[in-house]
Amino acid sequence: MANMKNIPDSLSPEQAWQRLSNLDRLPVEMKPLEDSLEHCLAEDFTAPQDVPSGNRSFMDGYAVRSQDVANAPARLKLVGEVFMGEMLRQTLGSGEAISIPTGGFMPQGSDAVVMQEDCESTNDGITVRRSVQPNENVQLRAEDFRAGERISVGNRPLRAQDLAAMATFGVTKVKAYRKPKVAVISTGNELVPYGSSTIEAAQIRETNSLALVSAARHFGFEAQAEGIVLDVFELQREALKHAMQTCDVILVSGGSSVGARDYTLNVIESFPGNKIHFHGLAIRPGNPTIAASIGSHVVFGLPGQPVSSLIVFYMLVLPCLFHLSGEQIHYPSFLATKFQSRKVTLETSMNPLKTKTDYLRVRLTGSNAVPVPGKSASLSTLALADGFAVIPPGEKPVPAGSSIDVYLFP
């Protein structure tokens with residue numbers, strides 16, 4: 001049942017993303033506010049009321065009428081004190097002052113606060129040494145949030161400050177998209193667990209699941225390794241069926257090409273309700289990549305080569321995970337929003353690929369970028385690299401001294 005056809009597609013990353021961007025997002029759920037960090041709201045949140053609900057002091061000092069101290073120094077009678085958490089039911093009269101702390105609500109009749117250090121105490125009041133303007137040292141009503149103002153934007157991950165802003169209004173639960181759970185299935189007769197103390201000459205310690213699970217977790221997604229599965233159609237189908245019981249996105253490492261024992265495409269197509277979004281990308285590394293849906297699940301067939309699988313994860317799987325989580329993705333700028341980047345100088349010239357986008361691994365030396373040579377099977381090109389540059393297809397060499405953007409590996 002092996003797939004013996006040629007790889008049918010040769011999509012650019014942008015074309016591939018266009019197909020993935022049509023996937024339905026995961027369902028919306030009510031989440032406790034304290035557990036909603038990095039989750040995307042299903043809708044905008046607007047302020048239900050003004051904050052503050054009245055004028056408040058911005059300094060420790062004395063609430064006054066600005067006209068009473070216009071010709072400072074001025075003597076004022078101290079007639080009361082504002083306490084935090086209480087509204088003073090007292091109207092300030094002419095020639096009077098009321099002691100007030102930072103954050104205290106301004107008493108009726110006052111329109112400014114003179115700072116404590118600008119006053120001297122007297123027997124029955126204070127002497128104000130400098131004048132103040134109306135509303136000086138005062139936080140006005142609705143100066144923080146105005147009723148109806150948009151506070152948090154839907155389809156954007158919630159930040160710590162967003163949670164604090166919503167908590168200001170007594171919010172305890174939010175309507176947010178569920179984040180996808182990720183499973184990684186590693187396939188190959190040659191693979192053994194990476195913890196194996198000894199291996200045969202023809203065996204390879206399996207590392208892709210560790211890298212992919214770690215990368216997914218780094219970006220805030222729950223992920224788990226499903227173990228190693230032999231190159232047997234029935235075993236791989238059963239592994240995928242099992243993973244779909246608990247996870248939303250399944251990454252199948254290995255078997256995505258068209259060799260005699262590359263079963264990933266056939267396994268996906270054996271499930272009812274499957275849809276192949278693409279098979280084949282115009283990129284290096286990562287050409288034999290599959291993306292498909294089985295019902296509400298998303299399945300990626302990733303190349304078994306360690307460099308290919310991780311690069312494809314960063315450039316397509318990761319934006320798909322954020323999309324499923326409700327985030328609005330602008331693909332051309334996606335890498336710049338999720339990865340630290342540096343503009344550096346290419347130290348040596350390089351020849352771009354004529355028809356494929358090249359994800360060039362580079363090592364940084366100061367402000368220079370040095371390409372790390374090696375094939376997609378060479379894990380060292382990742383381990384020794386600081387990041388990668390996206391080199392679009394082209395005919396002309398990229399000369400040494402060219403300025404390029406490098407996205408740093410997490």
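Every read-out reported here was derived from the displayed coordinates using simple, explicitly stated rules and does not represent laboratory data. As the structure is a prediction and not an experimental result, all values here were calculated from the model. Heads up, the Cβs are rebuilt from the backbone with ideal geometry, glycines too, and the neighbour counts pull from every protein chain shown.
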Rg [Å, one decimal], Dmax [Å, integer] - segment 302-410, C-alpha atoms: 14.1, 41
Below 11 angstrom from the Cβ of residue 337, what's the summed charge of the other residues (Lys, Arg +1; Asp, Glu -1)? +1
Pick from 71, 351, 123 the residue whose mean-square fluctuation is largest in a GNM of the chain, springs joining Cα atoms under 10 Å. 123
So for the pair residue 141, residue 192, with labels modelled 7 Å out along Cα→Cβ, what separation do we get in nm? 7.7
Between beta-carbons, use under 14 Å as the cut-off and find the net charge around residue 362, counting Lys and Arg +1, Asp and Glu -1. 0
Take the chain, connect every pair of alpha-carbon atoms lying under 10 Å apart with a spring to form a Gaussian network, then pick out the residue of 307, 229, 82 with the largest mean-square fluctuation. 82
Cross-link list 31/241; 31/181; 175/275; 181/275; 343/396: which exceed 25 angstrom alpha carbon to alpha carbon? 31/241; 175/275
Cut-off is 10 Å between beta-carbons; in what order do 62, 359 appear when sorted fewest neighbours first? 359, 62
With DSSP loop assignment and no more than 11 other C-beta atoms within 10 Å, the chymotrypsin sites (Phe, Trp or Tyr not before Pro) in segment 278-341 are none
Can you list the HN-Hα couplings for segment 250-265, worked out from phi with the Karplus curve (6.51, -1.76, 1.60; θ = phi - 60°), rounded to whole Hz and with x for Gly and Pro? 10, 9, 9, 8, x, x, 9, 8, 10, x, 4, 10, 8, 9, 4, 4
(i) 132; (ii) 141; (iii) 207, with the label sought being that of the calculated volume of the Cα convex hull per residue in Å³: (iii)
Along the Cα→Cβ direction, 7 angstrom out, place labels at residue 70 and residue 87. What is the inter-label distance in nm? 3.0
Can you give me the long-range amide H partners of residue 125? Hydrogens built in the peptide plane at 1.01 Å from N, cutoff under 5 Å, separation of 5 or more residues or another chain. 78
Other residues with Cβ under 14 Å from the Cβ of residue 229 give, with Lys and Arg +1 and Asp and Glu -1, a net charge of -4
In whole Hz, what ³J(HN,Hα) sequence does segment 114-119 give by Karplus (6.51, -1.76, 1.60; θ = phi - 60°), x for Gly and Pro? 9, 5, 4, 6, 9, 10
Going residue by residue through segment 179-194, the Karplus relation 6.51 cos²θ - 1.76 cosθ + 1.60 with θ = phi - 60° gives ³J(HN,Hα) values, rounded to whole Hz and with x marking Gly or Pro, of 8, x, 9, 10, 10, 10, 10, 9, 10, x, 5, 7, 8, 10, x, 5
Please list, in chain and number order, the residues 5+ apart from residue 369 or on another chain whose amide H is under 5 Å from its amide H, with Hs placed from the backbone. 345, 346, 347
How many nm is it between the label spots at residue 29 and residue 351, if each spot is 7 Å from the Cα in line with the beta carbon? 5.2
Amide H partners (placed H, <5 Å) of residue 278, local residues excluded: 291
Which residue fluctuates most in the GNM of the chain (Cα springs below 10 Å): 391, 98, 294? 98
Average Cα contact separation per residue, the chain, under 8 Å, 6 or more apart, as relative contact order %: 17
Got a sec? How would 289, 207 order by Cβ neighbour count within 10 Å, fewest to most? 207, 289
Assuming R0 = 22 Å, can you tell me the calculated FRET efficiency for the pair residue 384 and residue 200, based on Cβ-Cβ distance, to the nearest 0.05? 0.25
